[in-house]
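Student: The structure under discussion is supplied below as structure tokens; questions concerning it will follow.
Read-outs throughout are calculated quantities, based only on the coordinates presented, and are distinct from any laboratory measurement. Values in this document were obtained by computation on a predicted structure and should not be read as measured data. Backbone-built Cβ (ideal geometry, glycine too); neighbour counts: all protein chains shown.
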Amino acid sequence: MGLLTVGTVAFDTIETPNGKAENVVGGAALYAGLSASYFTNEVNIVSVIGGDYDDDTLELMKSRGMNLDGIQVKPGEKSFFWAGKYHDNMNARDTLTTELNVLADFDPVLPPHYSDDEYILLGNLTPDVQINVLDQLTSKPKLVVLDTMNFWMDIAMERLREAISRIDVLTINDEEARQLSGEYSLVKAAEVIRKMGPKTLIVKKGEHGALLFQDNQIFFAPALPLAEVFDPTGAGDTFAGGFIGYLVRSGDTSFESMKTAIIYGSAMASFCVERFSIERLKNLETEEIENRVQKFRDLVKF
């Protein structure tokens, strides 16, 4: 029951009201893979890096049981780089620099032992890359989760809709749900989007939690109130990794299981934002994760 995780493994420079971190490691596949690794030891990564990437981080990924056979290394080239500055409320940010580098012509190639994975997490990349990965699968997966953003809706809507038509779960934020559907009401937006293909929609609302839509069922998961948020970068990817990681561990993709998975994903994201980059995700203990999940349970118990 392997988990195939596709996304960036990159460098970031991040500035928040709590400080600045320069040239730290990041990327959707790194955050999601680390998060999922606390639930399953079968995380297969597909990405591309330059010869400049941090060896210690690659070793950390291996030590967490992540398989890196699907990471293409391009010696002499630079890894993907993003720099951003968060506003005081931490909900908005300005992109200062985006350097695609090796990502500009990324053509994913699935190693043979990846092609029959039962769980697929398609991180926020071009729809063409996401479709390319789906085309290389040799058997029908048990669950495919796709993350995307408004940028791809702006420049590649047709291909994005094709990718969305082939998945089971779509995860986007509330603004993106409204843009994709043309509906302001998130309930109506969910109806429109699920007609595009995915049976399940997750709408992330940042500090206001997340909504899960499937058939006529709706579940709301709160976000955990934190005294300080150091760095929201990667929180959505960490959420997605925890969500699908829990489903891999449980082997159950029912709506009831997804409700619990959202709480675990939210718990993992709450750790992520407590430090810059992946610092908080490196050495979590099982007891820490379960205690954090219990805080979510206590938050909504009445």
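Student: Please report the antiparallel percentage of DSSP beta bridges with both residues in the stretch 3-300, rounded to the nearest 5.
Tutor: About 40 percent, rounded to the nearest 5.
Student: Neighbour counts of other C-beta atoms within 10 Å: give me 187, 48, 73, 144 arranged from fewest to most.
Tutor: 187, 73, 144, 48
Student: With N residues in the stretch 120-172, what two-decimal value do you get for its Cα radius of gyration over 2.2 N^0.38 Å?
Tutor: Against the compact-globule rule of thumb, the ratio is 1.04.
Student: Please give the direction-averaged projected area of the C-alpha convex hull for the stretch 234-300, in square nanometres with one decimal.
Tutor: Projected area, direction-averaged: 4.4 nm².
Student: If you average the alpha carbon positions of the stretch 10-56 and of the stretch 153-205, how far apart do those two centres end up, in angstrom?
Tutor: 26
Student: Can you give the Rg to Rh ratio of the stretch 1-102, both from alpha-carbon atoms, with Rh computed by the Kirkwood formula?
Tutor: Values: Rg = 14.4 Å, Rh = 14.3 Å.
Dividing the radius of gyration by the Kirkwood radius yields 1.00.
Student: Continuing with this model, one more query. Remind me, relative contact order of the chain in percent, using alpha carbon pairs under 8 angstrom and six or more residues apart?
Tutor: Numbers: 649 pairs, mean separation 54.6, N = 302.
Value for the chain: 18 percent.
Student: Just to confirm a number: summing +1 for Lys and Arg and -1 for Asp and Glu over residues other than residue 106 whose beta-carbon lies under 12 angstrom from that of residue 106, what do you get?
Tutor: On the way: positive: 74; negative: 77, 105, 107, 128.
Combined, the nearby Lys, Arg, Asp and Glu give -3.
Student: Could you check which residue among 237, 88, 69 shows the biggest mean-square fluctuation in a GNM of the chain with a 10 Å Cα cutoff?
Tutor: 88
Student: Please order 191, 22 by the number of other Cβ within 10 Å, starting at the fewest.
Tutor: Placing the least packed residue first, the sequence is 22, 191.
Student: Along the stretch 133-150, what does the Karplus equation 6.51 cos²θ - 1.76 cosθ + 1.60 (θ = phi - 60°) give for ³J(HN,Hα), rounded to whole Hz, x for Gly and Pro?
Tutor: Using θ = phi - 60°, the values come out as 5, 4, 5, 8, 6, 9, 8, 6, x, 6, 7, 10, 10, 10, 10, 8, 8, 5 Hz.
Student: Through the Karplus equation 6.51 cos²θ - 1.76 cosθ + 1.60, θ set to phi - 60°, convert the phi angles of the stretch 83-93 into ³J(HN,Hα) values in whole Hz; use x for Gly and Pro.
Tutor: 10, x, 10, 8, 6, 4, 7, 6, 8, 10, 8
Student: Now for a different question. So, with +1 on the Cβ of K and R and -1 on the Cβ of D and E, and no other charges, what is the size of the charge dipole of the stretch 3-300 about its Cα centre, to the nearest 20 debye?
Tutor: It works out to roughly 780 debye.
Student: Under 10 Å, Cα contacts only: if you run a Gaussian network model on the chain, which one of 66, 149, 157 comes out with the highest mean-square fluctuation?
Tutor: It is 157.
Student: Next question, about the same structure. Sequence-distant or interchain residues sharing an amide H contact under 5 Å with residue 93, placed H: which?
Tutor: For residue 93, the qualifying residues are 87.
Student: Using only alpha carbon positions, build the gyration tensor of the stretch 58-115, then give the equivalent ellipsoid semi-axes as the square roots of 5 times its eigenvalues, largest first, whole angstrom. It would help to have the intermediate numbers written out before the result.
Tutor: Details: eigenvalues 168, 57, 26 Å².
Semi-axes (√(5λ), whole Å): 29, 17, 11.
Student: In whole Hz and in residue order, list the ³J(HN,Hα) couplings for the stretch 98-107 that follow from phi through the Karplus curve 6.51 cos²θ - 1.76 cosθ + 1.60, θ = phi - 60°; x for Gly and Pro.
Tutor: 9, 10, 5, 6, 5, 6, 4, 10, 5, 10
Student: For the chain, what does the helix formula give at 222 nm: sum of -39500 (n - 2.57) over DSSP H segments with n ≥ 4, over the residue count, nearest 500 deg cm²/dmol?
Tutor: On the way: 10 runs with 108 residues, N = 302.
So the helix-based figure for the chain works out to -11000 deg cm²/dmol.
Student: Is the stretch 178-302 rounded, prolate or oblate when judged by the Cα gyration tensor, a ≥ b ≥ c being the square roots of its eigenvalues, rounded requiring a/c under 1.5 and prolate requiring a/b larger than b/c?
Tutor: Judged from the Cα gyration tensor, the stretch 178-302 comes out prolate (a/c at least 1.5, a/b above b/c).
Student: Same structure again: Which number comes out as Rg/Rh for the chain once both Rg and the Kirkwood Rh are worked out on C-alpha atoms?
Tutor: Reported Rg/Rh (Cα atoms, Kirkwood Rh): 0.93.
Student: Mind checking which of 186, 170, 226 has the largest fluctuation in a GNM of the chain, springs on alpha carbons under 10 Å?
Tutor: Of the options given, 226 has the highest mean-square fluctuation.
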